[in-house]
1. Sort through 232, 253 and tell me the only one that's among the hydrophobic types (A, V, I, L, M, F, W, C), touching a Cys at 6+ places or on another chain (Cβ under 6 Å) and within 16 Å of the ligand (Cβ to nearest atom).
2. Determine which member of the set 103, 66, 77 is of a type outside the set (Asp, Glu) and more than 21 Å from the chain's Cα centre (by Cα).
3. Does residue 303 fit the bill of being among the β-branched types (Val, Ile, Thr), out of contact with any His (no Cβ under 9 Å at 6 or more places or on another chain) and either closer than 18 Å to residue 96 by Cα or more than 16 Å from the ligand (Cβ to nearest atom) (or both)?
4. Take residue 95 and decide whether it is of a type in the set (S, T, N, Q) and either within 16 Å of the ligand (Cβ to nearest atom) or assigned to a loop (DSSP other than H, G, I, E, B) (or both).
5. Right, residue 266: away from the ligand (no atom under 16 Å from the Cβ), at pLDDT 95 or above, within 30 Å of residue 78 (Cα to Cα) and touching a strand residue (DSSP E or B) at 6+ places or on another chain (Cβ under 8 Å) or not?
6. Kindly check whether there is at least one residue in segment 119-137 that is closer than 16 Å to residue 327 by Cα and either surrounded by 19 or more Cβ atoms within 10 Å (Cβ to Cβ) or without any contact (Cβ under 8 Å) to a residue 24 or more places away in the chain (or both).
7. Name the residue, out of 362, 358, that is touching a residue at least 12 places away in the same chain (Cβ under 8 Å) and surrounded by fewer than 22 Cβ atoms within 10 Å (Cβ to Cβ).
8. Just wondering, is there one or more residues in segment 236-247 that are surrounded by fewer than 22 Cβ atoms within 10 Å (Cβ to Cβ) and farther than 28 Å from residue 136 by Cα?
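The values are calculated or read from the model by the stated rules, or taken from the named source; none is laboratory data. Small disclaimer: the values here were computed from a predicted structure and weren't measured. Here Cβ is always computed from backbone atoms with ideal geometry, including for glycine, and neighbour counts include all displayed protein chains.
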Amino acid sequence: MTTSGSPDPAFGAVVTAADRRYLVQSWSTQGNVDAIPVDRAEGRYFWDYEGNRYLDFSSQFVNLNIGHQHPKVVEAIQAQAGRLCMLASTLANHQRNDAARLITELAPGELNRVFFTNGGAEANENAVRMARLHTGRPKVLAAYRSYHGGTSTAIALTGDPRRWPNQHAGHADANVVHYFGPYLYRSSFNARTDAEECERALAHLAEVIEFEGPSTIAAIILEPVVGTAGILVPPSGYLAGVRRLCDRHGILLIADEVMTGFGRTGAWFAVDHWGIEPDLLTFAKGVNSGYVPLGGVVVSDAVYDTFRTRPFPGGLTYSGHPLACAAAVATITAMKEEGIIDHAAWLGEAVIGPELRRLAERHPSVGEVRGLGVFWALELVCDRDTRQMLVPYASSGAAAAPMAAVIADCHRLGLWPATNHNRIHVVPPCNTTEAEALEGLAKLDEALAVADRYAEGA
Ligand code: PLP
């Protein structure tokens, strides 16, 4: 690991101890929490108090699309803080207006209005609320392989195992029905080609709609490219097929672009790759790289009309917070000025994709490489023929040890990737340079030797 700055390991130890003493950590067994204390960050790197430098291949929570401490965004927040920190949403503010205008200009079709929230879960809560009130129907269909947030409705929409304990606690929403989306590598439909997977996944969804009763379904919510649950790029034709099913039955389509929006897939929104227009589009994360919490719902004219003459029954103290909106305006403007979206598309196509495929040839533990833009997954397996996962789905403790060992080796090498179950997610900031990407991929190459020890044929 490269060291720099003026390390202060003693203070770092104090930071870690206080973190354990005073905080309740998301999704964690609290007794196991042992966070690395972070001192500072810049661009694609952050430093701990020992002076160790980490290359951020996670974009933190896949949200830091513009990298750490972008000077134009920091400056915009500072300027807005000096002028007006907080304003109730009943009073008008130009940063809020500008952020909404920029977002609607980027969003496809008739998505012309924004309801701001503090993050992604609240965005999905409100999108579902709007869809139910607009259609007068109760149910929402969501994919098993999905993550939509940790609040009440959002965790019920979520397919991944984080939903399970919430259902045990009685918090899951009964009006959510799950379905299987396309995932050729582990096809639920015994498909062998993308075309078969697409056709059969759509037939399955059509059947779920038929058996649930189309007139009871308000919306289908989906991540246009599934994120945390696998970085699953849909076969061409799938999203258009879902749109057609929605239109046939008067069901709204909600695109959850919380993770995919604002450059992650090499486009402003993932739906742009397939020319799909949802009725509601939710965003957060990349809209301002999380420098100040912000999310929202972009609303179609038709849904907006529902609330023209009757109240929209939702609201938040911090809806359209001026600091968060100033950060969004600066982020979107900088992304345009610096060509960051096109760069992310190029980096995926010319550097990350080809290099990851080369890694897959060398490492028997790599079952599949997939992704686009700066949104890639390595699926790690024990055996390429059987595709048995390197660690079982939803495993923890000893069963998850092989993945923990690979990740620990990445950290030892100064690389900070994202991970989920048996996968490593290569999700660096959109403005990662070619040299930085190659540096990280070389470290990943080294760390995969650890995974290979658990794989057949190593
Ligand atoms: N939707 C998707 C697709 C996400 O990836 C996430 C977070 O990872 C969320 C919603 C929830 O967003 P937040 O954590 O800001 O509430």
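1. Numbers: 232 fails: touching a Cys at 6+ places or on another chain (Cβ under 6 Å).
Matching residue, one of 232, 253: 253.
2. Details: 103 fails: more than 21 Å from the chain's Cα centre (by Cα); 66 fails: more than 21 Å from the chain's Cα centre (by Cα).
Residue meeting the stated conditions: 77.
3. On the way: among the β-branched types (Val, Ile, Thr): yes; out of contact with any His (no Cβ under 9 Å at 6 or more places or on another chain): no; either closer than 18 Å to residue 96 by Cα or more than 16 Å from the ligand (Cβ to nearest atom) (or both): yes.
For residue 303, the condition - among the β-branched types (Val, Ile, Thr), out of contact with any His (no Cβ under 9 Å at 6 or more places or on another chain) and either closer than 18 Å to residue 96 by Cα or more than 16 Å from the ligand (Cβ to nearest atom) (or both) - is not met.
4. Working: of a type in the set (S, T, N, Q): yes; either within 16 Å of the ligand (Cβ to nearest atom) or assigned to a loop (DSSP other than H, G, I, E, B) (or both): no.
Considered against the rule, which asks whether it is of a type in the set (S, T, N, Q) and either within 16 Å of the ligand (Cβ to nearest atom) or assigned to a loop (DSSP other than H, G, I, E, B) (or both), residue 95 comes out as no.
5. Values: away from the ligand (no atom under 16 Å from the Cβ): yes; at pLDDT 95 or above: yes; within 30 Å of residue 78 (Cα to Cα): yes; touching a strand residue (DSSP E or B) at 6+ places or on another chain (Cβ under 8 Å): yes.
Judged against the criteria, residue 266 is a match.
6. Initially, segment 119-137 is screened for residues closer than 16 Å to residue 327 by Cα, giving 119.
Okay, now just the ones that are also either surrounded by 19 or more Cβ atoms within 10 Å (Cβ to Cβ) or without any contact (Cβ under 8 Å) to a residue 24 or more places away in the chain (or both), so 119.
Yes, there is a match, as at least one residue in segment 119-137 is closer than 16 Å to residue 327 by Cα and either surrounded by 19 or more Cβ atoms within 10 Å (Cβ to Cβ) or without any contact (Cβ under 8 Å) to a residue 24 or more places away in the chain (or both).
7. Working: 358 fails: touching a residue at least 12 places away in the same chain (Cβ under 8 Å).
It is 362.
8. Yes, the conditions are met somewhere in segment 236-247.
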